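To start, I am sharing the structure in question, which I have written as C-alpha cells.
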Amino acid sequence: MILAAGRGERMRPLTDHTPKPLLQAGGKPLIVWHIERLVRAGISDLVINHAHLGVQIEQALGDGSEFGANIRYSDEGTALETAGGIAFALPLLGSEPFAVVNGDIYCDYDFSRLLARAEQMRCSQDTVHLVLVDNPEHNAKGDFILQGNRVIPEYPAESGIPNPASRILTFSGIGLYRPSLFSHMKRGVKAPLAPLLREQIVLDRVSGEHHRGMWVDVGTPQRLDELDKQLRAPQNGRHD
C-alpha cells in the first residue's frame, strides 16, 4: 500500500493544485519512484489511498499496467490519517502481511527485503516490521529505539535508566504489518499510526532494521528542490 491521501499543507502552494505524491523530482513523480522500485522487487499488487485531489492520482497512474503493476484505489474522500487509511483499505489488502510506504518520501531501500521479512513474520508473534533511518535535521530526536533487530520501548525518565540515544532512529515511513493490527478499528474513522506502534513495541512484537542508504522526507518545497537537484546531478545518477 502506498499512502497518498495527505493534504501536504507544508508544500503549499505546490499542493493546492497537485497532490503531493505527484510532485516531481528527478524527472518523475515521487509516487512513480516507489511503484517502479516495488515492481522490480516483485511486489506488483498495489493499493493506493487518496483524498485530496485523488482523481488526479488515478488519472496519472491508471490501473498500473504501464509500470507492470496492478493498482487498486482506496478513495477516502476525507483523509483518515495513517492507521485510519490503512484500516479503510483493509478489504483490498488481503489476509497476509502487507507493506506500507509513505507516498511523500524518496528512498533507495530495496523492497525485496520485505518479502523475506514477511515470511519471518508469518512464523513469529510479530505484528510489525519497521524500516528506520538516521535522524534528519528536522527530526533530530528520532522516533524509535532499535536494539539489534528489535524495536524496544523507551525507558520513562523517572526510571533513571538512560535510553541509548545512539540507537534512537527515525521511522522511514516504510513498514510491514499484519492485517490483524487494524482489524479491530472502525472503518472510516480517523486514527494515527504511532499509538498502535507503541502498543506493539511494549508487547515486543515489532522488529526493525536500519536503512543506511538515501532517504528524504519531502516535506517542504525546499527539500523537494534539493532532491530534484540531487537526482539530476550526473555524479549521483538516477538512484534507480
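What is the one condition in (1) farther than 21 Å from K190 by Cβ; (2) open to solvent by less than 60 Å² (accessible area, probe 1.4 Å); (3) of a type outside the set (V, I, T) that E66 does not satisfy?
The failed condition is (2).
Determine if the range 1-20 includes at least one residue that is open to solvent by 40 Å² or more (accessible area, probe 1.4 Å), of a type outside the set (S, T, Y) and at pLDDT 90 or above.
no
Within the range 123-132, track down each residue that is at pLDDT 90 or above and either exposed (fewer than 14 other Cβ atoms within 10 Å of the Cβ) or assigned to a helix (DSSP H, G or I) (or both).
Listed by number, the residues that qualify are S124, Q125.
Being open to solvent by less than 10 Å² (accessible area, probe 1.4 Å), closer than 11 Å to I71 by Cα and assigned to a strand (DSSP E or B) is the filter here, so list the residues in the range 23-49 that pass it.
If the condition is that a residue be open to solvent by less than 10 Å² (accessible area, probe 1.4 Å), closer than 11 Å to I71 by Cα and assigned to a strand (DSSP E or B), then L46, V47, I48, N49 are the ones that fit.
Moving to a separate point now. Condition first: surrounded by fewer than 20 Cβ atoms within 10 Å (Cβ to Cβ), of a type in the set (A, V, I, L, M), modelled with pLDDT of 95 or more and in contact with a Gly (Cβ under 8 Å, 6 or more places away or on another chain). Can you find one or more residues in the range 191-208 that meet it?
Yes, some residue in the range 191-208 is surrounded by fewer than 20 Cβ atoms within 10 Å (Cβ to Cβ), of a type in the set (A, V, I, L, M), modelled with pLDDT of 95 or more and in contact with a Gly (Cβ under 8 Å, 6 or more places away or on another chain).
Might you check whether a residue that is touching a residue at least 24 places away in the same chain (Cβ under 8 Å), part of a loop (DSSP other than H, G, I, E, B), in contact with a Gly (Cβ under 7 Å, 6 or more places away or on another chain) and not aliphatic (A, V, I, L, M) occurs anywhere in the range 1-16?
No, the range 1-16 contains no residue that is touching a residue at least 24 places away in the same chain (Cβ under 8 Å), part of a loop (DSSP other than H, G, I, E, B), in contact with a Gly (Cβ under 7 Å, 6 or more places away or on another chain) and not aliphatic (A, V, I, L, M).
Residues that are over 21 Å from D228 (Cβ atoms), among the aliphatic types (A, V, I, L, M) and open to solvent by less than 50 Å² (accessible area, probe 1.4 Å): does the range 50-61 have at least one?
Taking every residue of the range 50-61 in turn, at least one turns out to be over 21 Å from D228 (Cβ atoms), among the aliphatic types (A, V, I, L, M) and open to solvent by less than 50 Å² (accessible area, probe 1.4 Å).
Here's another thing I want to ask about it. Residue pairs, Cβ under 6 Å, 6 or more apart or interchain, first in the range 73-92 and among the aliphatic types (A, V, I, L, M), second outside any loop (DSSP other than H, G, I, E, B) and open to solvent by 50 Å² or more (accessible area, probe 1.4 Å). List them.
L92/R72
What is the number of the single condition among (1) touching a Ser or Thr at 6+ places or on another chain (Cβ under 8 Å); (2) more than 21 Å from H129 (Cβ to Cβ) that G54 does not meet?
Going through the list (1) touching a Ser or Thr at 6+ places or on another chain (Cβ under 8 Å); (2) more than 21 Å from H129 (Cβ to Cβ), G54 breaks only (1).
For the structure I just gave you, tell me whether D104 is at pLDDT 95 or above and charged (D, E, K, R).
Here the answer is no, as D104 does not meet what is asked.
The values are calculated or read from the model by the stated rules, or taken from the named source; none is laboratory data. Because the structure is a prediction, the values reported are computed rather than measured. In this analysis, Cβ positions are derived from the backbone assuming ideal geometry, glycine residues included, and neighbour counts consider all displayed protein chains. Just the protein is used for accessible areas: all its heavy atoms, side chains included, with ligands, DNA and RNA removed. Shrake-Rupley method; radii C 1.70, N 1.55, O 1.52, S 1.80 Å.
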